[in-house]
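Structure, as structure tokens:
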């Protein structure tokens, strides 16, 4: 998953303060108090780390502002001076709250959210028209953007009877349905071509859904998935539809991740086009070779936490990276500009700096040393080449 939205953060001048916390409000009475309590503890930590008072005041105002998002969720903010540079509602609370103050932000929470996000257009259709609901980057944070398409042909109700007049009326009704569906399809085709969502989700009146499917062009048809249980009308069973929508999105995320992980397994198996281990990943990140970083994410988040417990050496540029200080000074970086940084921050900073993506593979989906690896854009004789008998009983790795 590409991380383009985070790129401005790695080139921002001056220290940045990052906050990631559980923003869930358990109930109206005590929810605000719970979030305030979590923030107060983080504020004390940030004061100790040297975050400026004006930055903390700006963060406090934003953190305590209700998100109006029901159920468990998180919040990720990055601030500098008295400005909030990035504010994103996360679909799940973070594994642990985090307060971070450095020249670069802690990027893992936002990267995880990006890996979970799906750009989709939801079409809720009936025989009169449709509501079009955007999600993902087309929407603003946790909100959705809704468009409406009305077909304009309102002879839409059939009734029992017989005779030629009845048949003519029935034909007019059928024609209205088809024209309305055609109007919706034209708008959907245009939006899909312009914005290129990953999924086109369609729900609503069964007959209207069928007519829409017939009228859509190839680009929209290839990404279409029907989701049962939705409707434009009031009274729909929202919980049932929400579960159906969740299941469709989870299935898509699993397919998207598996497609990347399968490519990495293949690359490691043939010993070309992929690397594993933190040291080898650092080597290819330094040269701008990485297309996609893959991190194995277990249920408890232990592999991600282990990465945050290690450090790397970095310079001013995101690709100034090394396992040792000398690795960075050997790139021509003055020793005074070289410093130690948490490994998860340094890796993601370098990945974003070369327009690489990030995928969190599920536990057991691929065997990676240090729980991390990468697909490469290119390789040469100096690139670490892996053989991967790890997919047999032999878990040792050899370098060529």
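Highest mean first, the peptides 240-248, 207-215 sorted by other C-beta atoms within 10 Å per residue fall in the order 207-215, 240-248. Over all pairs of different C-alpha atoms, the stretch 192-262 has a mean inverse distance whose reciprocal, the Kirkwood radius, equals 13.6 Å.
Structural descriptor for the stretch 47-137: relative contact order 19 percent, calculated from alpha carbon pairs under 8 angstrom and at least 6 residues apart. Scaled against 2.2 N^0.38 Å for its residue count N, the alpha carbon radius of gyration of the stretch 286-374 is 1.12.
Arranged from fewest to most other beta-carbon atoms within 10 Å of their beta carbon, 272, 327 become 272, 327. Averaging the Cα positions of each part gives two centres, and for the stretch 93-120 and the stretch 1-79 these lie 11 Å apart.
Distance from the Cα centroid of the stretch 335-378 to that of the stretch 242-321 is 6 Å (rounded to whole angstrom).
For the stretch 241-328, the relative contact order works out to 19 percent when only alpha carbon pairs closer than 8 Å and six or more residues apart are counted.
Scoring 251-259, 87-95 by mean Cβ neighbours within 10 Å over their residues and listing the highest first yields 87-95, 251-259. Exposure proxy for 203, 24: other Cβ atoms within 10 Å of each Cβ, ordered fewest to most, give 24, 203.
Working value for the stretch 1-117: equivalent-ellipsoid semi-axes of 21, 18, 11 Å, each the square root of 5 times a Cα gyration tensor eigenvalue, largest first.
Rule-based calculations on the coordinates, nothing more; no lab input. All figures in this text were calculated on a predicted structure; none of them were measured in a lab. Note that we place each Cβ from the backbone using ideal geometry, even for glycine, and neighbour counts take in every protein chain shown.
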